[in-house]
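The values are calculated or read from the model by the stated rules, or taken from the named source; none is laboratory data. What you see is a predicted model, and the numbers here were worked out from it, not measured in a lab. Cβ atoms come from the backbone with ideal geometry, glycine included; neighbour counts cover every protein chain shown.
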Amino acid sequence: MGFTIDDALLETQNIYKLKLIAGKNGCANAISWVQMVEDKTILQQLWGKELVVTTGLGFQSTNSLMEFIQLLIKYHSVGLIINMGNKLGEGYIFDVPQEIIDYCNEQDFPLLVFPWEIHLAELIKDFSYRCISSERDDRRINKVIIDTLINPRIIEESRQQLISHFDVDNYFQVLVVHIDTKEELGMIERRRIQFQLELCFEKIEGNYSFFWFDGYFILITNGLDDKTLKKLIKETLKRAKKRIAYQIHIGVGSRMLDFRNIILSYKRGLAACKMAKKFNESSLTFEQMGVFQLLFMIEDHDILYQMYYQLLGPIINYDRKHHTELEDTLYNYLMFDSNQKAMAEALYMHRNTINYRLNKIKEITQCQFSSFEEKMPYMLAFYIKEIIEK
């Protein structure tokens with residue numbers, strides 16, 4: 001999760017006499033870095049998620065300070081700390097107008113102040129170190145999770161290592177995010193996209209981890225309810241449409257109790273993501289996949305291709321050779337649950353034509369399609385075909 005403004009207030013408030021005057025609802029946002037800014041022209045160079053510190057040298061009027069804060073919000077800073085002037089006349093900003101405070105509250109943008117007498121350089125140095133330390137901890141946690149996904153046999157050892165970070169007895173859910181690009185993402189571009197996605201996760205109440213693994217962005221949530229998760233996915237897709245130059249697909253794994261089941265949630269999320277990509281869906285939960293749950297969870301894809309060609313291959317070859325439509329006839333026959341009357345009415349086909357084709361299909365396949373056990377393999381074959389064609 002990283003070092004947050006809440007952490008800064010809790011751990012250093014007495015040291016630097018920090019005072020939060022607006023934007024309390026945004027204090028859970030993680031800080032990527034601490035940046036001193038006295039001129040708004042530098043803001044275009046910010047990555048996002050920076051905590052900005054200023055003496056107010058370039059923002060002494062209400063209008064200039066308001067414009068400055070609006071730009072900070074535009075460039076996704078997590079908050080602003082003002083080094084306030086004192087009664088001796090030292091400093092540049094001596095009070096914050098109420099309209100500034102009201103605006104920051106409306107935007108959930110944390111606005112903090114601290115006295116001129118406190119050494120600004122010490123605060124920046126301290127917070128920067130805490131950001132680095134927190135990032136190091138996040139990387140360690142992510143590595144533990146990645147190692148577990150690679151080697152499930154260490155799940156108990158990993159569970160013990162993560163007790164201080166996660167509520168390991170609570171629910172876990174894995175979101176798998178695919179970035180639809182023609183070429184492999186470079187490190188800089190991947191980092192930029194990661195920042196944009198992370199901005200959507202900052203309001204998650206509770207612990208989570210977010211990292212890149214095996215060609216996907218992975219979000220691990222802990223104790224997140226369904227309503228909040230749906231809202232998170234909606235906001236992520238909305239932001240991605242505006243801020244990311246590529247289409248994204250999100251697969252949502254099942255909500256599983258206890259960290260021991262996180263690998264299963266990951267595999268299901270990965271299956272949902274692959275199906276979302278195949279069928280060009282923006283997001284898909286594992287529970288929405290229907291019969292495709294089985295097909296996308298099979299890691300040996302050769303089995304699927306083999307089943308498809310073994311069952312439908314003879315019919316496809318016959319159609320190609322004789323320019324017939326037996327494959328389409330069989331598909332509709334199965335989808336209409338063998339109801340030839342309904343099939344004929346829906347497709348405007350004569351019953352005799354359907355009977356002739358079905359007899360030919362039975363002859364080619366040596367299957368009578370008279371029981372569910374006979375029909376089911378062919379239904380699965382058509383589902384596999386849909387995957388292959390997509």
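Structural remarks
- Filter result for Asp147 (in contact with a helix residue (DSSP H, G or I) (Cβ under 8 Å, 6 or more places away or on another chain), within 27 Å of Gln44 (Cα to Cα) and of a type in the set (D, E, K, R)): no
- Residue check for Leu334: within 29 Å of Lys277 (Cβ to Cβ) and aliphatic (A, V, I, L, M): yes
- Residue list for the stretch 2-48, filter: more than 17 Å from His119 (Cβ to Cβ) and surrounded by 21 or more Cβ atoms within 10 Å (Cβ to Cβ): Phe3, Thr4, Ile5, Ala22, Gly23, Gly26, Asn29, Ala30, Ile31, Ser32, Val37
- Verdict on Tyr333 being over 30 Å from Ile263 (Cα atoms), at pLDDT below 90, in contact with a Leu (Cβ under 8 Å, 6 or more places away or on another chain) and not assigned by TED's automatic domain parsing to the domain that holds Lys278: yes
- Scanning the stretch 233-254 for residues being of a type outside the set (Val, Ile, Thr) and either without any contact (Cβ under 8 Å) to a residue 24 or more places away in the chain or surrounded by 21 or more Cβ atoms within 10 Å (Cβ to Cβ) (or both) gives a total of 9.
- If you go through the stretch 195-231 and keep only what is closer than 16 Å to Ile146 by Cβ and either in contact with a strand residue (DSSP E or B) (Cβ under 7 Å, 6 or more places away or on another chain) or of a type in the set (Phe, Trp, Tyr) (or both), you end up with Tyr208, Ser209, Phe210, Phe211, Trp212, Phe213, Tyr216, Phe217, Ile218, Leu219, Ile220.
- Listed conditions (1) touching a Leu at 6+ places or on another chain (Cβ under 7 Å); (2) of a type in the set (A, V, I, L, M); (3) within 20 Å of Leu270 (Cβ to Cβ) are all met by Val168, apart from (3).
- Out of Asp138, Asp167, Asp180, one residue alone is exposed (fewer than 13 other Cβ atoms within 10 Å of the Cβ), within 24 Å of Thr221 (Cα to Cα), in contact (Cβ under 8 Å) with a residue 12 or more places away in the chain and not aromatic (Phe, Trp, Tyr). It is Asp180.
- Screening the stretch 127-172 for residues that are closer than 16 Å to Gly2 by Cα and among the β-branched types (Val, Ile, Thr) and picking the one that is modelled with the lowest pLDDT gives Ile132.
- Residue ID - surrounded by the fewest Cβ atoms within 10 Å (Cβ to Cβ), chosen from residues in the stretch 187-232 that are of a type in the set (A, V, I, L, M) and either within 18 Å of Gly253 (Cβ to Cβ) or touching a Ser or Thr at 6+ places or on another chain (Cβ under 7 Å) (or both): Leu229
- Looking at Asp328, Asp302, just one residue is exposed (fewer than 13 other Cβ atoms within 10 Å of the Cβ) and either in contact with a helix residue (DSSP H, G or I) (Cβ under 6 Å, 6 or more places away or on another chain) or of a type in the set (Asp, Glu) (or both), and that residue is Asp302.
- Scope the stretch 180-206; condition in a loop (DSSP other than H, G, I, E, B) and at pLDDT 85 or above; matching residues: Thr181
- From the list Ile155, Ile132, Ile141, Ile124, the one residue that fits, being assigned to a helix (DSSP H, G or I) and in contact with a His (Cβ under 8 Å, 6 or more places away or on another chain), is Ile141.
- Qualifying residue in the stretch 52-61 (condition: in contact with a Pro (Cβ under 9 Å, 6 or more places away or on another chain) and surrounded by 20 or more Cβ atoms within 10 Å (Cβ to Cβ)): no
- Residue selected from the stretch 266-312 under the condition β-branched (Val, Ile, Thr) and outside any helix (DSSP H, G or I), by the criterion farthest from Glu327 (Cα to Cα): Thr285
- Going through (1) modelled with pLDDT under 85; (2) farther than 30 Å from Ala276 by Cβ one by one, Ile361 falls short only on (1).
- Scanning the stretch 219-263 for residues that are of a type in the set (Ser, Thr, Tyr) and over 22 Å from Ile193 (Cβ atoms) turns up Thr228, Ser254.
- Scanning the stretch 210-247 for residues that are part of a strand (DSSP E or B), under 9 Å from the mean Cα position of the chain (by Cα) and closer than 13 Å to Ser283 by Cβ returns a single hit, Leu219.
- If you check Asn105, Asn86 for being touching a Gly at 6+ places or on another chain (Cβ under 9 Å) and among the polar types (S, T, N, Q), only one passes: Asn105.
- Residue check for Leu312: surrounded by 14 or more Cβ atoms within 10 Å (Cβ to Cβ) and under 22 Å from Cys200 (Cβ atoms): no
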